[in-house]
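Worksheet: one structure, shown below.
What follows is calculated from the coordinates using simple rules that are stated; it is not laboratory data. The structure presented is a predicted model; accordingly, all values stated were derived computationally and were not measured. Here Cβ is always computed from backbone atoms with ideal geometry, including for glycine, and neighbour counts include all displayed protein chains.
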Amino acid sequence: MIDSWPGRGNTNHAKVPTEISYSHNGATWGYDIPPNGIRHGFFKLLLDVNAAATQYDNPRLATSNPQSMESSYANIPLPTGKTAVETTTDYLKLLYTHLMKILRQRLIRTLDNTPIQFVLTTPAIWSHEAQNATCQAAKDAGFTSRAGDTLTMVSEPEAAASYCLKEIYHERSNSDSPLEVGFLLPRRSVLGLTKS
């Protein structure tokens with residue numbers, strides 16, 4: 001699991017904020033955004049142009065732009081001159097670069113010969129257009145740039161269920177009452193990236 005992020009020093013966290021900032025020095029992301037940097041968050045919600053805001057959304061979303069939260073995400077501010085897809089691609093490119101740097105440090109001798117299956121999740125209610133936009137942004141960010149690497153898109157509930165079933169299988173295979181052969185597939189090395 002990757003839990004070290006730029007801007008966090010020696011402090012580890014399982015998640016990194018989905019925020020990006022642009023300046024004359026380029027883009028910064030997550031914890032690496034300086035305190036005075038203009039943060040752009042929630043941009044990925046604009047990948048689904050038909051999504052409506054709901055009472056279950058992150059409260060920070062409403063406080064960032066309260067007038068727009070009555071019925072739509074349409075007024076979420078984007079960086080000047082950038083679309084939601086471009087902003088998402090930029091963020092994912094920074095994430096991918098960091099990910100590969102960490103993997104290169106950990107898998108010094110084997111990374112170049114090890115294909116990676118990347119799994120990106122999207123909300124279950126997202127349209128096919130939004131799922132496709134997310135997939136294309138990830139590809140444009142480099143997630144399938146190495147020979148043999150693949151990218152799979154799954155819904156968040158499907159990813160959660162798959163994880164739970166694999167954990168149950170793993171626990172049972174090490175106990176006195178394993179599951180029947182063929183009930184679940186064996187564990188595979190998969191890197192999961194959530195879009196939340």
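Grab the Cα-Cα distance for residue 114 and residue 31, subtract it from 0.36 nm times how many residues apart they are, and report the gain in nm with one decimal.
Details: separation 83, 0.36 × 83 = 29.88 nm, distance 2.90 nm.
Working it through step by step, the gained length comes to 27.0 nm.
Work out, step by step, the length gained on full extension between residue 97 and residue 139: first 0.36 nm times the residue separation, then minus their alpha carbon distance; give nm to one decimal. Before the final figure, lay out the partial values.
Values: separation 42, 0.36 × 42 = 15.12 nm, distance 1.29 nm.
That works out to 13.8 nm of additional length.
FRET efficiency for residue 132 and residue 13, Cβ-Cβ distance as r, R0 = 22 Å, nearest 0.05?
Values: r = 30 Å, r/R0 = 1.37.
Once the sixth-power term is evaluated, E becomes 0.15.
Between residue 151 and residue 104, what is the label-to-label distance in nm when each label sits 7 Å out along the Cα-to-Cβ direction?
Distance between the two pseudo-spin positions: 2.0 nm.
Go ahead and run the numbers for FRET between residue 167 and residue 50, Cβ-Cβ distance against an R0 of 30 Å, rounding to 0.05. Each step should come with its number before you reach the end.
Working: r = 34 Å, r/R0 = 1.14.
Step by step, r from the Cβ atoms, then E = 0.30.
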